[in-house]
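> Encoded as structure tokens, here's the structure I'll be asking about.
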Amino acid sequence: MGPGQACTWTALGPLLWGCALALQGGMLYPRESPSRERKELDGLWSFRADFSDNRRQGFEQQWYRRPLRESGPTLDMPVPSSFNDVGQDARLRSFVGWVWYEREAALPQRWSQDLDTRVVLRIGSAHYYAIVWVNGVHVAEHEGGHLPFEADISKLVQSGPLSSCRITIAINNTLTPHTLPPGTIQYKTDTSKYPKGYFVQDIKFDFFNYAGLHRPVLLYTTPTAYIDDITVTTGMDQDTGLVNYQVFVQGSEHFQLEVCLRDEEGKVVAEGTGGRGQLQVPSANLWWPYLMHEHPAYLYSLEVKLTAQTAAGPASDFYTLPVGIRTVAVTESQFLINGKPFYFHGVNKHEDADIRGKGFDWSLLMKDFNLLRWLGANSFRTSHYPYAEEVMQLCDRYGIVVIDECPGVGIVLPESFGNVSLQHHLEVMEELVRRDKNHPAVVMWSVANEPASSLKPAGYYFKTVIAHTKTLDPSRPVTFVTNSNYAADLGVPYVDVICVNSYYSWYHDYGHLEVIQLQLATQFDTWYRAYQKPVIQSEYGAETIAGFHQDPPLMFSEEYQKSLLEQYHSVLDQKRKEYVVGELIWNFADFMTNQTPARVLGNKKGIFTRQRQPKSAAFLLRERYWKLANETRYHRSVVKSQCLGNSLFP
Ligand code: GCB
């Protein structure tokens, strides 16, 4: 399929998406093993934005056919990173349309010569729509900026005497009413005010639409007969852990599978054969959240070995998957992990930082996890899109519980509730579940944030998305996030847990902290009375400029943020004894948004600055979270054992 056929380009530029993706195969994270190799392609890529009026020059001149530098001037662009904030060109910061990335990759000789090797190109995230060529040949297309996609490029790299391959990726960040998240292009046609052809991208969500190759790009190999996917669900029978596994194989009809589960010491605790089965682990170590057990986040290793008959003879493939044994359940008023009540005391995050925008960065990731643990946070929501796979792996390893959200944010236009959008939303949920289903840290799916779900089609729309998600994964509850103002929310009846955002004394009754307690108590009682489901305060907070001080507290000062939080906490302390099962602050850190008069260099509701330095509220929250952890019966000794060096528990 050529680029012209893939999508419909309006005369003036941005895209109307018409391409439905058929989901094929698994999306196992590429791990090295005796049968698999990886080659990272991070670093500097050649880059060129297509500034032509219709943004189509790159396709008209087929920039993918030759080295990009031969098409015109290119920039050096780091990968992973957003392209927006790296340079000094204001036009690039707000660019809407196609940008082109290119890089040559030198291949180990055996990859191109050994015909029993399968070579795969994997792109962790390309925001928003991507088309990929290798040596000028179209190999993949993908819609959606927060989930990985792959192309099997073996035939291409094995078809001639090649020692390298040229990878070209064209990426379009245009959002339409049918993308997730949605957006619209507004054409400004008044020539007394705007130059000819002028347009801007309008979005209804509150974070900057960063774009580019945001996550690692890599090549990896498998044998031609290979382990394509593994699905694991876990349970408990008394103190025996149950690990149900299913393994999918591609490339051979004649094969054997052996699986073995090892504990953290490397000891084999259970073994099995065949494509599906149940492993039983006597006296299992459960995967517990951070601060809930003296040994949280216990991970076993599921080793899968495939032995297949291929035309060239027998071949083996090995893949090792970390497995946490845990259960999740929801009652009328509780969220249970391993049968014990779990209270979410955590944060909402964004993938966002200076210069790199949404680009993945190990140092930033470790800093964030160190801050989360310093704070005593046991959970976060991936507001408002799936985060990098490496983030999810760290959550598994550190016991940070995740509400895993899809990019269904800013869905407010009536067109965004039609069949085209619905179909795409279902596909995104499939991609998300396929990617994250095996993470013990993920305890709930969130299908959207604050959609305009009082609009008539919203009831059917969300009923369908939630039901579909439950079919994809019957092992986890499903939610979507509403707002306290949306009394007529047509989606809420279908969720398992009610997640509600509210901004009392911020977007309403500005400056009047004294009304928070009454309004918040009313909010909780109203939602609980209507549905008898556990409730999470999924967002609350106040805009705060670090270093602004006012006593008595005034809006935007650190004191106001602290006082607002304290008012919320006193109601949360009453209601968590009844049916409130969590509180997630908005937001972990300040983050970039579109420029508007209501935002001062972005959203400043972070308890940390964008550079990850604490505001006063961070210390308040830290004290609260450690106390919450300490109060719970099961946690007491645990918190003591994990608080070495924590002055709150000397
Ligand atoms: C919300 C949204 C979040 C915004 C936040 C705010 O309700 O879910 O995306 O950033 O409010 O600060 O206005």
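The values are calculated or read from the model by the stated rules, or taken from the named source; none is laboratory data. Because the structure is predicted, anything quoted here is derived from the model rather than measured. FYI the Cβ positions are ideal-geometry reconstructions off the backbone, even for glycines, and counts take in every protein chain you see.
> Scan the stretch 333-348 for residues that are assigned to a loop (DSSP other than H, G, I, E, B), out of contact with any Pro (no Cβ under 7 Å at 6 or more places or on another chain) and surrounded by fewer than 17 Cβ atoms within 10 Å (Cβ to Cβ) and jot them down.
Within the stretch 333-348, Gly339 is the sole residue that qualifies.
> Another question about this same structure. Among Ala388, Ala377, which is the only one that is closer than 21 Å to Asn501 by Cα, aliphatic (A, V, I, L, M), surrounded by 23 or more Cβ atoms within 10 Å (Cβ to Cβ) and away from the ligand (no atom under 16 Å from the Cβ)?
Going through Ala388, Ala377 in turn, just one is closer than 21 Å to Asn501 by Cα, aliphatic (A, V, I, L, M), surrounded by 23 or more Cβ atoms within 10 Å (Cβ to Cβ) and away from the ligand (no atom under 16 Å from the Cβ): Ala377.
> Sticking with this structure for a sec: Please verify whether the stretch 481-490 includes one or more residues that are at pLDDT 95 or above, closer than 23 Å to His384 by Cα and among the acidic types (Asp, Glu).
no
> Just for the stretch 563-607: of the residues that are more than 11 Å from the ligand (Cβ to nearest atom) and of a type in the set (Phe, Trp, Tyr), which one is farthest from Leu518 (Cα to Cα)?
If we take residues in the stretch 563-607 being more than 11 Å from the ligand (Cβ to nearest atom) and of a type in the set (Phe, Trp, Tyr), then Phe588 is farthest from Leu518 (Cα to Cα).
Table: residues versus (1) assigned to a helix (DSSP H, G or I); (2) at pLDDT 95 or above.
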| residue | (1), (2) |
| --- | --- |
| His293 | no, no |
| Glu303 | no, yes |
| Ile325 | no, yes |
| His350 | no, yes |
| Ser363 | yes, yes |
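> Next up: Residues that are among the hydrophobic types (A, V, I, L, M, F, W, C) and closer than 24 Å to Glu150 by Cβ, at least 1 per element: which strands (runs of 3 or more DSSP E) completely within the stretch 20-86 meet that?
43-49, 75-79
> Let me ask something else. Applying the selection to the stretch 207-240, what residues are among the charged types (D, E, K, R) and surrounded by 21 or more Cβ atoms within 10 Å (Cβ to Cβ)?
Arg215 - this is the single residue of the stretch 207-240 that is among the charged types (D, E, K, R) and surrounded by 21 or more Cβ atoms within 10 Å (Cβ to Cβ).
> Is it the case that Tyr319 is among the hydroxyl-bearing types (Ser, Thr, Tyr), within 23 Å of Ile230 (Cα to Cα) and under 26 Å from the mean Cα position of the chain (by Cα)?
When the stated conditions are applied, Tyr319 passes them.
Results for (1) in the same structural domain as Glu405 (by the TED database); (2) farther than 23 Å from His508 by Cβ; (3) surrounded by fewer than 23 Cβ atoms within 10 Å (Cβ to Cβ), shown as yes or no for each residue.
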| position | (1), (2), (3) |
| --- | --- |
| Ala546 | yes, yes, yes |
| Glu559 | yes, no, yes |
| Leu564 | yes, no, no |
| Gln567 | yes, no, yes |
| Val571 | yes, no, yes |
| Glu578 | yes, yes, yes |
| Leu584 | yes, no, no |
| Gln611 | yes, yes, yes |
| Asn630 | yes, yes, yes |
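> Out of the stretch 470-486, which residues are more than 16 Å from the ligand (Cβ to nearest atom) and part of a strand (DSSP E or B)?
Hit for the stretch 470-486 is Val478, nothing else.
> Within 15 Å of the ligand (Cβ to nearest atom), touching a residue at least 24 places away in the same chain (Cβ under 8 Å) and farther than 13 Å from Val580 by Cα: does that describe Tyr494?
no
> Let me ask you something else. With respect to Lys463, is the statement that it is basic (Lys, Arg), in contact with a Phe, Trp or Tyr (Cβ under 6 Å, 6 or more places away or on another chain) and not assigned by the TED database to the domain that holds Gly124 true?
Taking the combined requirement at face value, the residue satisfies it.
> Could you give me the residue pairs with C-beta distances under 7 Å whose first residue belongs to the stretch 189-216 and is in contact (Cβ under 8 Å) with a residue 24 or more places away in the chain and under 26 Å from Val391 (Cα atoms), whose second residue is among the charged types (D, E, K, R) and away from the ligand (no atom under 16 Å from the Cβ) wherever it lies, and which are 6+ apart or on separate chains?
If the second residue must be among the charged types (D, E, K, R) and away from the ligand (no atom under 16 Å from the Cβ), the pairs left are Pro216/Glu40; Pro216/Asp42.
> If you don't mind, there's one more thing I want to ask. Would the stretch 428-441 turn up any residue that is within 16 Å of the ligand (Cβ to nearest atom) and crowded, with 20+ Cβ neighbours inside 10 Å?
So far as the stretch 428-441 goes, no, none of its residues is within 16 Å of the ligand (Cβ to nearest atom) and crowded, with 20+ Cβ neighbours inside 10 Å.
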